[in-house]
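*Asks:* Before anything else, here's the structure in question.
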Amino acid sequence: MRRIITNILIVTFSLIIAGHVTAQNPNNALLYSSQATLFGDQGSASDPVSIIMPGTAFKSGFGAFIDNPASMALHRRNFGEFGFSYRTVEEDAVFMGQQRLLDDSQRGISSAGFLYALPTDQGSLVFGAGYTQHSIYNRALAFRARNENSTITDMFKFDGSPYQDIAFNTFATDFGDEFEDWDESILRIGFDRYGDYLGMRQQGEIFQRGYSGEYSMFFATEFQENLMIGGSIGLLSGRYRYNRVFQEVDEFNDYNSTIIDSNDDGIGDTDIDNILLDDRVSSSFAGFRARAGILYKISDHFQAGASFTFPTTIEVNELFDANLRTTFNNGVEFSDFTDSEFSYKVKYPSRTSLGFGIVNLSGLSASLSADYVDYSKTRVDYGSSEFFEDELAENDFLESEFRSVWSFRGGISYDLSPDFSLRAGYSYLPGRFLNGNDDRSVYALGAGFSLSRNLRLEFAAQYTEWNEISAVYEYARYNYSSLPDNLPAMSFSSEDANRSAERIQILGTIKFSF
């Protein structure tokens, strides 16, 4: 039971985060689960102002308390806000030398909340509450190519694989030798030499959809003249869904023997035509998050700020299910199903933000922010001594392969009039792996205009691009040289895709003063 549950975690996470994982460690299945740390990550607040103008040292939008809660003391009027977002991702992927394009879109509420400024004789004192979305996970991958190196059934055959039983029950795998000592892919059986493989056409799609945000309360005050302090507490909450449809087809009828007994009469009568895997992982996660900040007005036009987000422990609950169907040359089909649940915790490291703001120099403003996170301090907790060795291995990997990262954001704003503003921004978001190749560049444009004295609309469009190499599936590779005297030695490898991703997010917010 221990190995089954552990490998469910191992393999399902290798599937879930395939779109985020660079393939520098494909031989160790356990390591892919470390990408669960994405769930605790914090991007910029998804309101049209804050996503361009970071609020570390600037009066930005409602979600700026995520950058620095002290900046909210710069607001002197009560207001409420409600926002929507639309996002689409398009990915150009090369798998086995073949190129495919796929896109996907999502929409939903990006922010909702209020800020109330208490009457004061001098300075300011504000508090507020609401929901702000700050991270999105949508990805889309399509592939179609002939593979003569490996088959996805190589992912099913090793002892402890969550697919092992359903693969055996549907003839996707069978015993590797006459003594029934080990499992083998059905596509590697029946040849003169162990492990020979003729190839299959592989095709499919992988979609990942999800979001993360906070239900928060914050306060800020001008503690002394020109010196603002603030804090926030909140519930980090989000959902994530992975769905993969993967098919292998014997397009040239290479497998045309009669090694499979499809009617259970003791006589082989057919062979494989195609194999279809449909697997899904649904995750929900939550955790408590707190932050504190300070902002100083150097002069009427210059400001500096800093904030600290405390380490966050999130709890992840996962549901995994998979359907496997094999179809034979004679039209007979076999199918089977498996599912499981798993819960664990991830301790996410602290974040330090530093910022500088330029305010209204002849209508021109600018905001700069640098955020520091030491990802190597991320830790997982599987919640049981039964998994102690796996937990230790995972945390050793995080410490050795993750790195500390500085990310940078900046934006400029120009007020054409008191009622109309234009904005533009750029962000550089480096990856967390020491040898990763998925650094991201983010470009943004936005505008805001007043409909009346108490009603204002804000819009922004954000474009993100990056390249990466990620695993489409991981599989067990046998060393057949030890046969027949000893069981084959096993190692892990992966089939990877080179992916170029472009994501567009459009945000709209209505802000009303009261």
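The values are calculated or read from the model by the stated rules, or taken from the named source; none is laboratory data. Please read all numbers here as calculations on a predicted model, not as lab measurements. Methodologically, a virtual Cβ is constructed for each residue, glycine included, from the backbone with ideal geometry; neighbour enumeration extends over all protein chains shown.
*Asks:* Which residues, taken from segment 364-402, are of a type in the set (Phe, Trp, Tyr), free of Cβ contacts under 8 Å to residues at least 60 places away in the same chain and closer than 26 Å to PRO430 by Cα? Before the answer, list the steps.
*Replies:* Within segment 364-402, the subset of a type in the set (Phe, Trp, Tyr) is 372, 375, 382, 387-388, 397, 402.
Retained after the next criterion (residues that are free of Cβ contacts under 8 Å to residues at least 60 places away in the same chain): 372, 388.
The one that is of a type in the set (Phe, Trp, Tyr), free of Cβ contacts under 8 Å to residues at least 60 places away in the same chain and closer than 26 Å to PRO430 by Cα: TYR372.
*Asks:* Scan segment 307-338 residue by residue and report those that are among the charged types (D, E, K, R) and either in contact with a Lys or Arg (Cβ under 9 Å, 6 or more places away or on another chain) or on the phi > 0 side of the Ramachandran plot (or both).
*Replies:* GLU315, ASP321, GLU333, ASP336, listed by residue number.
*Asks:* Within segment 408-424, is even one residue surrounded by 14 or more Cβ atoms within 10 Å (Cβ to Cβ) and over 27 Å from ILE136 (Cβ atoms)? If you could, list the steps in order and put the result at the bottom.
*Replies:* First, pick out the residues of segment 408-424 that are surrounded by 14 or more Cβ atoms within 10 Å (Cβ to Cβ): 408-415, 421-424.
Narrowing the set further to residues that are over 27 Å from ILE136 (Cβ atoms) leaves 414-415.
Scanning segment 408-424, I find at least one residue that is surrounded by 14 or more Cβ atoms within 10 Å (Cβ to Cβ) and over 27 Å from ILE136 (Cβ atoms), so the answer is yes.
*Asks:* (1) of a type in the set (A, V, I, L, M); (2) assigned to a helix (DSSP H, G or I); (3) surrounded by fewer than 17 Cβ atoms within 10 Å (Cβ to Cβ): which one isn't true of ALA167, the others all being true?
*Replies:* Unmet for ALA167, out of (1) of a type in the set (A, V, I, L, M); (2) assigned to a helix (DSSP H, G or I); (3) surrounded by fewer than 17 Cβ atoms within 10 Å (Cβ to Cβ): (3).
*Asks:* Which condition number does THR221 fail, the rest of (1) modelled with pLDDT of 95 or more; (2) of a type in the set (S, T, N, Q); (3) within 35 Å of the chain's Cα centre (by Cα) being met?
*Replies:* In the conditions (1) modelled with pLDDT of 95 or more; (2) of a type in the set (S, T, N, Q); (3) within 35 Å of the chain's Cα centre (by Cα), THR221 misses (3) alone.
The rows are residues; the columns are (1) within 20 Å of SER60 (Cβ to Cβ); (2) in contact with a Lys or Arg (Cβ under 9 Å, 6 or more places away or on another chain).
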{"site": "GLU341", "(1), (2)": "no, no"}
{"site": "VAL346", "(1), (2)": "no, yes"}
{"site": "PHE356", "(1), (2)": "yes, no"}
{"site": "ASN360", "(1), (2)": "yes, no"}
{"site": "TYR375", "(1), (2)": "no, yes"}
{"site": "ASP381", "(1), (2)": "no, yes"}
{"site": "PHE388", "(1), (2)": "no, no"}
{"site": "GLU394", "(1), (2)": "no, yes"}
{"site": "TRP406", "(1), (2)": "no, no"}
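*Asks:* State the number of residues belonging to segment 62-76 that are free of Cβ contacts under 8 Å to residues at least 40 places away in the same chain and touching a strand residue (DSSP E or B) at 6+ places or on another chain (Cβ under 8 Å).
*Replies:* Applying the first criterion (free of Cβ contacts under 8 Å to residues at least 40 places away in the same chain) to segment 62-76 yields 64.
Going one step further and asking which of them are touching a strand residue (DSSP E or B) at 6+ places or on another chain (Cβ under 8 Å), we end up with none.
The qualifying residues number 0.
*Asks:* Do the conditions hold for ALA304, that is, is it assigned to a strand (DSSP E or B), surrounded by fewer than 20 Cβ atoms within 10 Å (Cβ to Cβ) and of a type in the set (A, V, I, L, M)?
*Replies:* Values: assigned to a strand (DSSP E or B): yes; surrounded by fewer than 20 Cβ atoms within 10 Å (Cβ to Cβ): yes; of a type in the set (A, V, I, L, M): yes.
Spelling it out, ALA304 is indeed assigned to a strand (DSSP E or B), surrounded by fewer than 20 Cβ atoms within 10 Å (Cβ to Cβ) and of a type in the set (A, V, I, L, M).
*Asks:* State whether one or more residues within segment 194-207 are acidic (Asp, Glu) and free of Cβ contacts under 8 Å to residues at least 24 places away in the same chain.
*Replies:* Of the residues in segment 194-207, the ones acidic (Asp, Glu) are 196, 205.
In the following step, the residues that additionally are free of Cβ contacts under 8 Å to residues at least 24 places away in the same chain were identified as 196.
Scanning segment 194-207, I find at least one residue that is acidic (Asp, Glu) and free of Cβ contacts under 8 Å to residues at least 24 places away in the same chain, so the answer is yes.
*Asks:* Sticking with this structure for a sec: Out of the residues in segment 349-365 that are surrounded by fewer than 17 Cβ atoms within 10 Å (Cβ to Cβ) and over 30 Å from ARG289 (Cα atoms), which is farthest from the chain's Cα centre (by Cα)? Steps first, please.
*Replies:* The initial filter retains those residues of segment 349-365 that are surrounded by fewer than 17 Cβ atoms within 10 Å (Cβ to Cβ), namely 350, 352, 360-364.
Next cut, over 30 Å from ARG289 (Cα atoms) only: 360-364.
Working: ASN360: 37, LEU361: 39, SER362: 41, GLY363: 38, LEU364: 36 Å.
Here the answer is SER362.
*Asks:* Name the strands (runs of 3 or more DSSP E) wholly inside segment 66-162 in which the number of residues that are among the β-branched types (Val, Ile, Thr), over 24 Å from ALA292 (Cβ atoms) and under 23 Å from the mean Cα position of the chain (by Cα) is 3 or more.
*Replies:* Details: elements: 79-95, 98-117, 125-136, 139-147.
Hits in segment 66-162: 79-95.
*Asks:* Wholly within segment 417-514, which strands (runs of 3 or more DSSP E) include no fewer than the required count, namely at least 3 residues that are among the aliphatic types (A, V, I, L, M) and within 27 Å of the chain's Cα centre (by Cα)?
*Replies:* Values: elements: 420-429, 440-452, 455-479, 489-513.
Hits in segment 417-514: 440-452, 455-479, 489-513.
*Asks:* Of the residues that make up segment 196-203, is at least one within 33 Å of the chain's Cα centre (by Cα) and either of a type in the set (Lys, Arg) or at positive phi (or both)? Give the steps one after another, and end with the answer.
*Replies:* Within segment 196-203, the first condition is being within 33 Å of the chain's Cα centre (by Cα), and the residues that meet it are 199-203.
So of that shortlist, the ones also either of a type in the set (Lys, Arg) or at positive phi (or both) come out as 199, 201.
Yes, segment 196-203 has at least one match.
*Asks:* Restrict the check to segment 441-451 and report whether at least one residue is touching a residue at least 60 places away in the same chain (Cβ under 8 Å) and either within 30 Å of GLY195 (Cα to Cα) or among the acidic types (Asp, Glu) (or both).
*Replies:* Looking only at segment 441-451, we keep the residues that are touching a residue at least 60 places away in the same chain (Cβ under 8 Å), and these are 444-446, 448.
Pick out the ones that are also either within 30 Å of GLY195 (Cα to Cα) or among the acidic types (Asp, Glu) (or both) and you get none.
No, segment 441-451 contains no residue that is touching a residue at least 60 places away in the same chain (Cβ under 8 Å) and either within 30 Å of GLY195 (Cα to Cα) or among the acidic types (Asp, Glu) (or both).
*Asks:* Moving on to the next point. Looking at ASN330, is it touching a residue at least 12 places away in the same chain (Cβ under 8 Å) and outside any strand (DSSP E or B)? Break it down stepwise before answering.
*Replies:* Numbers: touching a residue at least 12 places away in the same chain (Cβ under 8 Å): yes; outside any strand (DSSP E or B): yes.
For ASN330, the condition - touching a residue at least 12 places away in the same chain (Cβ under 8 Å) and outside any strand (DSSP E or B) - is met.
*Asks:* Could I ask something else about it? Report, by residue number, each residue of segment 194-218 that is touching a helix residue (DSSP H, G or I) at 6+ places or on another chain (Cβ under 8 Å) and either part of a loop (DSSP other than H, G, I, E, B) or β-branched (Val, Ile, Thr) (or both).
*Replies:* Within segment 194-218, TYR194, GLY195, ASP196, TYR197, LEU198, ILE206 meet the criteria.
*Asks:* While we're looking at this one, here's another question. Would you confirm, using the coordinates I've provided, whether ASP336 is under 30 Å from ILE298 (Cα atoms) and in contact with a Leu (Cβ under 9 Å, 6 or more places away or on another chain)? Give the derivation first.
*Replies:* Details: under 30 Å from ILE298 (Cα atoms): no; in contact with a Leu (Cβ under 9 Å, 6 or more places away or on another chain): yes.
No, not satisfied.
*Asks:* Let me ask something else. For segment 48-92, how many residues are buried (at least 24 other Cβ atoms within 10 Å of the Cβ) and within 30 Å of MET200 (Cα to Cα)?
*Replies:* Residues meeting the conditions: 1.
*Asks:* Quick one: would you say ARG456 is out of contact with any Lys or Arg (no Cβ under 8 Å at 6 or more places or on another chain), without any contact (Cβ under 8 Å) to a residue 60 or more places away in the chain and not aromatic (Phe, Trp, Tyr)?
*Replies:* Numbers: out of contact with any Lys or Arg (no Cβ under 8 Å at 6 or more places or on another chain): no; without any contact (Cβ under 8 Å) to a residue 60 or more places away in the chain: yes; not aromatic (Phe, Trp, Tyr): yes.
Here the answer is no, as ARG456 does not meet what is asked.
*Asks:* Something else now. Give me the residue from segment 170-193 that is of a type in the set (A, V, I, L, M, F, W, C) and assigned to a loop (DSSP other than H, G, I, E, B) and, out of that set, farthest from SER493 (Cα to Cα). Outline the logic, then answer.
*Replies:* We begin by selecting, within segment 170-193, every residue of a type in the set (A, V, I, L, M, F, W, C); these are 171-172, 175, 179, 182, 186-187, 189, 191.
Now narrow it down to the ones that are assigned to a loop (DSSP other than H, G, I, E, B): 171-172, 179, 182, 189, 191.
Numbers: PHE171: 23, ALA172: 19, PHE179: 27, TRP182: 19, ILE189: 20, PHE191: 23 Å.
Looking at the filtered set, the residue picked out is PHE179.
*Asks:* Can you name the condition, by its number, that THR258 falls short on among (1) among the β-branched types (Val, Ile, Thr); (2) free of Cβ contacts under 8 Å to residues at least 40 places away in the same chain; (3) in a strand (DSSP E or B)?
*Replies:* (3)
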